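Only one structure is covered here, and it is reproduced in the block below.
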Amino acid sequence: MKLGAGPAFHLPDLTGVVDGVTVTPPEAVRLETVYYDTPDLRLARWGVSLRYRAGEGWTLKLSPSSSNGLLERDEITFAGGPKKPPVAAVGLVRAYVRKSELVPVARLSTIRRRVRLVGADGGRMAEVVDDEVSVRDGRRVAARFREIEVEVAGADGNEAVIAPLVDRLRGAGAGAPDPTPKHIRALGPRAMEPPEVAPLPVTPESPAREVIRTVLAESVAAILRNDPLVRTSKDPEAVHQARVATRKLRSHLRTFGPLLEPEWTEPLRSELGWLAMALGAVRDREVLLDRLRERAKSLPASDSRSASSLLHLLELEIESLRKKLYGELDSQRYVDLLEALVAAAHSPVCTLDADQPASQVLPPLATGPWRRLRSAVRQLPEQPTDPELHRIRILAKRARYAAEAVAPVVGEGATAFARAAAKLQTILGEHQDSVTAQAWLRSARVTGRRAFVAGELIAMEHLAAQDARAKWPKVWKALDRKRLRKWMP
């Protein structure tokens with residue numbers, strides 16, 4: 001937690017602020033730091049920073065998450081000299097930088113006074129730093145400011161020391177919590193502008209092109225924001241969110257196609273399809289692995305080792321697919337696509353009809369995916385095939401995305417419809433995941449005990465698929481209600 005402080009502030013004695021905690025004597029160091037960004041400060045505006053600090057090397061901080069005034073940030077360090085950012089660091093912010101360049105944008109000299117709080121076991125619990133910062137413009141000091149920072153170590157439970165520390169510091173004259181990073185304060189108002197891609201508020205009176213621009217911007221921003229997380233994290237959620245954003249974009253371009261120039265739309269949809277396949281290959285296998293790991297927990301203990309050996313094949317497959325995905329994300333083709341998406345988020349190429357009020361022209365377009373879904377369901381045989389049910393799921397997803405896109409224009413009715421469509425998407429997704437799991441298990445080239453375990457898992461998945469088949473008609477009936485469609489023309 002960061003706190004403001006004036007020139008007269010003195011760091012108080014922190015002894016006894018927490019029972020059983022020892023406070024080390026204060027130490028002082030001088031820090032020379034250079035921050036790098038694009039000329040238009042894209043990193044800063046996304047909440048990202050890249051710095052070189054003499055004696056420490058390079059540090060990349062990704063967008064922070066914040067709760068109860070506390071900041072949590074992913075920090076990644078790189079070795080390298082001071083002249084230019086390391087290639088690996090540049091790669092992690094490629095989605096933000098794209099065809100621009102990283103240049104020095106702020107030089108800070110900091111006198112840091114620091115005390116550490118050590119627990120009874122000798123481990124560091126927290127530290128408090130008092131930073132006097134000078135912003136340099138060549139040899140001239142352009143500005144000065146001061147801040148106090150309380151940082152806890154990662155161990156569980158250490159957060160409890162923050163409140164009494166902050167109380168002691170505030171009592172000594174420190175200011176209110178202020179999460180603004182040093183380089184943002186140094187760079188000034190330009191660094192506090194919205195990110196390069198940011199949705200704008202819309203109303204029913206807004207032109208249709210503004211609503212289209214906003215829904216495209218939401219998904220483009222999600223792709224850009226998740227790109228570094230896809231590259232740095234094994235957390236499947238990052239790939240999932242990037243894939244969802246990609247699919248939403250393709251769906252929106254299709255739904256609102258009559259108001260968009262096809263010569264502009266079709267190449268964009270095609271390239272988004274390429275990206276969706278690259279993300280989907282990883283995402284589908286990660287979902288499958290999580291699913292089968294959970295299923296394996298219910299197997300007899302005697303089969304546990306064979307199950308782990310079987311699923312290791314899937315882990316190796318995911319590792320290979322991730323390497324392929326990283327290669328795609330490092331390609332010029334991907335950079336070109338991101339440039340096109342940012343341009344689309346700023347100014348989609350619309351027809352003249354898109355200048356009409358959104359409340360008049362968008363609801364009829366958003367109704368189209370629903371009609372295609374209802375028609376497809378009515379044409380199903382009594383016992384639909386697995387691919388036919390998968391097709392219904394895809395159409396339900398498109399109907400949901402369309403309703404969500406026009407909800408700011410038509411109101412709560414579209415939101416309620418989208419929620420009901422999401423339930424249909426979920427139950428049919430369960431069915432498809434089960435079908436996919438059975439297919440992978442049957443294709444796995446294993447023998448002996450592992451083959452027996454694969455058979456046990458197939459039996460479980462078969463039951464899960466049958467259960468989803470039994471439930472989806474009821475979920476469909478809940479969606480196919482007139483009151484959910486009052487917003488449709």
Practice prompt. For the range 341-347, just list the computed ³J(HN,Hα) in residue order, Karplus coefficients 6.51, -1.76 and 1.60, θ = phi - 60°, integers in Hz, with x standing in for Gly and Pro.
Written response: 5, 5, 4, 5, 5, 8, 7
Discussion item. Across the range 304-345, what fraction of all alpha-carbon pairs, as a whole percent, falls in each successive 5 Å bin from zero upward?
Written reply: 6, 20, 14, 13, 12, 10, 9, 7, 6, 3, 1
Practice prompt. Using a/c under 1.5 as the rounded threshold, could you call the range 208-485 rounded, prolate or oblate? The axes a ≥ b ≥ c are square roots of the C-alpha gyration tensor eigenvalues, and prolate needs a/b larger than b/c, oblate otherwise.
Written response: oblate
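By counting other Cβ atoms within 10 Å of each Cβ, how are Asp178, Asp433, Asp121, Asp130 ranked from fewest to most?
Going from sparsest to densest Cβ surroundings: Asp121, Asp178, Asp433, Asp130.
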Practice prompt. Set Lys and Arg Cβ to +1 and Asp and Glu Cβ to -1, take the dipole of the range 208-485 about its Cα centre, and tell me which of Val453, Gly280, Thr415 lies farthest positive.
Written response: Val453
Discussion item. Return the Rg/Rh ratio of the range 338-422 with Cα-based radii and a Kirkwood Rh.
Written reply: 1.07
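What FRET efficiency comes out for Arg374 versus Arg442 if R0 is 41 angstrom and r is the Cβ-Cβ distance? Round to the nearest 0.05. Write down the numbers at each step before the final one.
Working: r = 34 Å, r/R0 = 0.83.
Efficiency at R0 = 41 Å is approximately 0.75.
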Fill in: Sparse-neighbour loop sites [GluC sites (Glu not before Pro); the range 361-444; at most 10 other C-beta within 10 Å; DSSP]
Glu382
Worksheet entry | Of the GluC sites (Glu not before Pro) in the range 100-168, those whose Cβ has at most 16 other Cβ within 10 Å and which sit in DSSP loop | Glu101
Response to the item:
Here P(r) for the range 267-347, Cα-Cα distances in 10 Å bins, as whole percents, is 16, 34, 23, 15, 9, 2, 0
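Explain nothing, just the number: dipole magnitude of the chain about its Cα centre with +1 on each Lys and Arg Cβ and -1 on each Asp and Glu Cβ, in debye rounded to the nearest 20. Please report the intermediate quantities before stating the final value.
Values: 75 positive and 61 negative charges, 224 e Å.
The calculation lands at about 1080 debye.
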Practice prompt. Return the lysines within reach of Lys471: Cα separation strictly under 19 angstrom, same-chain partners fewer than 8 residues apart disregarded; answer none if there are no such residues.
Written response: Lys397, Lys423
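Calculated FRET efficiency, Glu388 and Ala470, Cβ-Cβ r, R0 22 Å, to nearest 0.05?
That pair, Glu388 with Ala470, gives E of 0.85.
May I ask for the percentage of alpha-carbon pairs in the range 2-192 that lie more than 20 Å from each other?
59
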Practice prompt. State to the nearest 20 debye the size of the charge dipole of the range 208-485 about its Cα centre, where the only charges are +1 on K and R beta carbons and -1 on D and E beta carbons.
Written response: 1020
Worksheet, complete the sentence: Phi-derived 3J(HN,Hα) across the range 15-27 with the Karplus relation (6.51, -1.76, 1.60, θ = phi - 60°), rounded Hz, x for Gly and Pro, is 4, x, 5, 9, 4, x, 10, 9, 9, 6, x, x, 10
Worksheet, complete the sentence: Taking r as the C-beta separation of Val29 and Ala301 and R0 as 60 Å, the FRET efficiency to the nearest 0.05 is 0.65
Discussion item. Just to check I understand the Karplus step: with θ = phi - 60° and J = 6.51 cos²θ - 1.76 cosθ + 1.60, what whole-Hz values come out for the range 210-220, glycine and proline as x?
Written reply: 6, 5, 4, 4, 5, 5, 5, 4, 4, 6, 4
Worksheet entry | Placed amide H near Gly80: partners under 5 Å, 5+ positions off or other chain | Trp58
Worksheet item: With charges set only on the Cβ (+1 for Lys and Arg, -1 for Asp and Glu), what does the dipole of the range 125-200 come to about its Cα centre, in debye to the nearest 20?
Response: 560
Worksheet item: To the nearest 500 deg cm²/dmol, what mean residue ellipticity at 222 nm is calculated for the chain from DSSP H runs of n ≥ 4 alone, each contributing -39,500 (n - 2.57), summed and divided by the residues?
Response: -18000 deg cm²/dmol
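Just rank Lys397, Lys423, fewest to most, by other beta-carbon atoms within 10 angstrom. Before the final figure, lay out each step's value.
Values: Lys397 22, Lys423 16.
Least to most surrounded, the residues fall as Lys423, Lys397.
Throughout, read-outs are computed from the coordinates displayed, never taken from laboratory work. Just so you know, these numbers come straight off a predicted model, no measurement behind them. Neighbour counts run over all protein chains shown; Cβ positions are idealised from the backbone, glycine included.
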